[in-house]
Amino acid sequence: MGFGVFIHRSDSIYDDSPADRYQFPRQYLGRVEACVGDWIVYYEPRKVAETRGYFAVARVERVIPDPTASGMYLALIEPGSYLDFANPVPFSDAEGVIERGVLNEDGRISGRAQAAVRALSPSDFNRIIGLGVNDSEPLFPRIGEVAPPAGFHEEPTPFEFEQARERVSYLSSRIVRDRVFRRIVLRAYDERCAISGLKLINGGGRAEVAAAHIRPVEANGPDIISNGLALSGTAHWMFDRGLISLSDDLEILISRHANDLDGVRAFINRSGRAIAPSRAFERPHPHFLQWHREHSFKQ
């Protein structure tokens, strides 16, 4: 087992669904199999417009041949393990390249940086997760970490392995996940309720909306932005109880079981459609909306 980096583009030609599966050709089979049972970081290349850099983490459950495409394979992601980063991590910052394993002996970026699947050292994993999951609170210590000299290729120390495993335990914490999920959802929706359109801030400066999972965590709903909605308390209550739902084109559906249809219609925004983030990958995914209509919505 070992950590890894999987390159994924939001406009990928591959049959990828980051929270569920990662499609790849045979040439990467050995590298992906080395990650089974362990955690990988998703990375979007710098040549992608508005790249997110290192943007999420997930755990690889197993690898299977793709039943729909000859010569292709699927890395299946462990349910509930995927987590979008609170802060997407750039390829490099003022201190240099974040993933130092892509440097050659001369301290220059090597061809490894172009590999769609590559191994990730515990120290690089620590650094990326620490930057990506930290949501303005020091979840992870960064003890005496300094940039290595050019050509730095020492073997990972026992401390680095231990620290990496400690970070993994944080990644599994529901408290941490809920906090990160709230941050990314509210940021995508500008702290505005997707149903009513209202942006209400309380006296303490805190947004009066919650980050709701479309497919609940209890039903293996992932902590991915496209499975989230920013909802006020009333809208959240109605959504969870199936009194409202959304069509694939985000039309707000009202259940016949709602006991005050006129009141509900007055509550939703005038367009009759949910307010959505501007970036496509942040919008509610039809897969999750379909689940809500079939398993929660009371028609």
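The table for this structure:
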read-out: Subset of the stretch 9-38 [outside any loop (DSSP other than H, G, I, E, B) and hydrophobic (A, V, I, L, M, F, W, C)]; value: 24, 29, 32
read-out: Whichever residue in the stretch 70-90 is under 19 Å from residue 133 (Cβ atoms) and either among the hydroxyl-bearing types (Ser, Thr, Tyr) or touching an Asp or Glu at 6+ places or on another chain (Cβ under 6 Å) (or both) and, among such residues, is surrounded by the most Cβ atoms within 10 Å (Cβ to Cβ); value: 83
read-out: Yes/no for residue 280 being crowded, with 16+ Cβ neighbours inside 10 Å, touching a Ser or Thr at 6+ places or on another chain (Cβ under 8 Å) and modelled with pLDDT under 95; value: no
read-out: Residue check, residue 107 modelled with pLDDT under 90 and over 30 Å from residue 175 (Cβ atoms); value: yes
read-out: Candidate set: the stretch 43-69, residues that are assigned to a loop (DSSP other than H, G, I, E, B) and not charged (D, E, K, R); chosen: the one surrounded by the most Cβ atoms within 10 Å (Cβ to Cβ); value: 53
read-out: All positions within the stretch 115-134 that are of a type in the set (Val, Ile, Thr) and over 21 Å from residue 33 (Cα atoms); value: 128, 129, 133
read-out: Matching residues, the stretch 158-217, being of a type in the set (Asp, Glu) and modelled with pLDDT under 85; value: 160, 162, 166, 208
read-out: Checklist (1) at pLDDT below 95; (2) on the phi < 0 side of the Ramachandran plot applied to residue 64, failing item; value: (1)
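The values are calculated or read from the model by the stated rules, or taken from the named source; none is laboratory data. Fair warning: this is a prediction, and the values are worked out from it, not measured in the lab. All Cβ positions, glycine included, derive from the backbone under ideal geometry; neighbour counts span all protein chains shown.
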